[in-house]
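Take a look at the structure below.
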Amino acid sequence: MNIAIDGPAGAGKSTIAKRLAKDLNFIYVDTGAMYRAMALYFLEKGIKASEEEEISRACENIEISILYDQGEQQVILNGKNVSSEIRREEVGNMASAVSVYGKVREKLVALQQKLAQDADVIMDGRDIGTWVLPGAELKIYLTASSYTRAKRRFDELEEKGISCDLQEIEKDIKDRDYRDMNREISPLKQARDAVLVDSSDMGIEEVVETIKKLYQERVS
Ligand code: DC
C-alpha cells in the first residue's frame, strides 16, 4: 500500500505525511530531501545550476541513500549524513533549479521506486502521483495559497529569531512554484486521480483527519 502526497513548497506536506506515517504505521519518504542532497553536492563543488552538462556528469559521482533513525528519515550523501544541512533556503532553491534535469531525476526516481517496492510508504514530493508511483492506492494533492504558505514560513523563521521579509518569502515561493510547475520533465501537477486538499483555512489536525478518512474509505 502506498500513499502519494504532492503539492507546492510550504503546503505542509512533510508535517502531514510524518503524522500520517506514524498513525497509520507507514514509512515516510521525503523525496524533496533527496533533490536537496544532490543540490548540496553541486553547491559544494561550485557547480552552477545553469551548467547542465557538468551537473549530468557529476551525477555519476553522487551516492544517495536513506536511513531511519528513530523513525526520522536521514539522507546520506556519499557516506555523510546531510539531513540538517539540506534544510537551508539556498539548498532548497538550488534543488528546485537542478530538478529540471533528466539525469538528476532518473537517479532519484529509481531510488524512490525501490523504497516503495520494499515497504508501505507515504511519499511526498512533486511528481509522486503522476510519475514515481502512478499506481499508489491513495493520491493527495495538498496545496494552500501562496500567502498562507509564505506566512507559515515567516512565522517559523520569526519563532527561531531569524528576521525576514514576508513579501520576499512570498516572492520566493511563487518563483519556486513557477519553476516546479513549468519544467519540461515531470512538472508539479495534480494527478487525474488525486484528491485535492486545500489547507489554506485548515489546521494540521483537520488535514490529517481528512486524509485518514480518505485512506479508511480506500481500505474498507
Ligand atoms: O519539497 P522540497 O522543498 O524539499 O523540495 C525541494 C525541490 O526539489 C523542489 O522545489 C523541487 C524538487 N523536487 C522535485 O522536483 N520532485 C520531487 N519529487 C521532490 C522535490
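The values are calculated or read from the model by the stated rules, or taken from the named source; none is laboratory data. Quick caveat: nothing in here was measured; it's all calculated off a predicted structure. Don't worry about glycine lacking a Cβ; one is built from the backbone with ideal geometry, like all the others, and counts go over all protein chains shown. In case anyone asks, the SASA skips ligands and DNA or RNA and just uses the protein heavy atoms, side chains included. Shrake-Rupley method; radii C 1.70, N 1.55, O 1.52, S 1.80 Å.
Taking R149, is it outside any strand (DSSP E or B), touching a helix residue (DSSP H, G or I) at 6+ places or on another chain (Cβ under 6 Å) and modelled with pLDDT under 95? No, not satisfied.
From the list K114, K107, the lone residue that is away from the ligand (no atom under 13 Å from the Cβ), basic (K, R) and more than 20 Å from A9 (Cα to Cα) is K114.
Residue check: is L166 more than 21 Å from I128 (Cα to Cα), modelled with pLDDT of 95 or more and away from the ligand (no atom under 16 Å from the Cβ)? Yes. Considering A37, A95, A33, the condition of being touching a Leu at 6+ places or on another chain (Cβ under 6 Å) and either open to solvent by 40 Å² or more (accessible area, probe 1.4 Å) or not polar (S, T, N, Q) (or both) is satisfied by A37 alone. Consider the stretch 46-62 and keep the residues that are free of Cβ contacts under 8 Å to residues at least 24 places away in the same chain and either surrounded by 12 or more Cβ atoms within 10 Å (Cβ to Cβ) or in contact with a Pro (Cβ under 6 Å, 6 or more places away or on another chain) (or both). The one that is farthest from N78 (Cα to Cα) is E51. Does the stretch 74-84 contain at least one residue that is outside any helix (DSSP H, G or I), under 19 Å from A9 (Cα atoms), at pLDDT 95 or above and open to solvent by 30 Å² or more (accessible area, probe 1.4 Å)? Yes, there is a match, as at least one residue in the stretch 74-84 is outside any helix (DSSP H, G or I), under 19 Å from A9 (Cα atoms), at pLDDT 95 or above and open to solvent by 30 Å² or more (accessible area, probe 1.4 Å).
This table checks each residue for (1) open to solvent by less than 70 Å² (accessible area, probe 1.4 Å); (2) touching a residue at least 40 places away in the same chain (Cβ under 8 Å).
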residue: D69; (1), (2): no, no
residue: V100; (1), (2): yes, yes
residue: K103; (1), (2): no, yes
residue: L108; (1), (2): yes, yes
residue: L111; (1), (2): yes, yes
residue: I122; (1), (2): yes, yes
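When the residues of the stretch 172-213 are filtered to those that are farther than 14 Å from A11 by Cβ and polar (S, T, N, Q), which remaining residue is surrounded by the most Cβ atoms within 10 Å (Cβ to Cβ)? Taking the candidates together, the pick is S186. The number of residues in the stretch 39-69 that are small (G, A, S), within 18 Å of R183 (Cα to Cα) and away from the ligand (no atom under 14 Å from the Cβ) comes to 2.
When residues of the stretch 154-192 are filtered for being under 20 Å from the mean Cα position of the chain (by Cα) and not basic (K, R), how many remain?
Total satisfying the criteria: 20.
Within the stretch 1-38, no residue satisfies the criterion of being more than 20 Å from D120 (Cβ to Cβ) and more than 13 Å from the ligand (Cβ to nearest atom).
Does S186 satisfy the criteria of being within 30 Å of K107 (Cβ to Cβ) and modelled with pLDDT of 95 or more? So that I can check it myself, show each step before the final result.
Working: within 30 Å of K107 (Cβ to Cβ): yes; modelled with pLDDT of 95 or more: yes.
For S186, the condition - within 30 Å of K107 (Cβ to Cβ) and modelled with pLDDT of 95 or more - is met.
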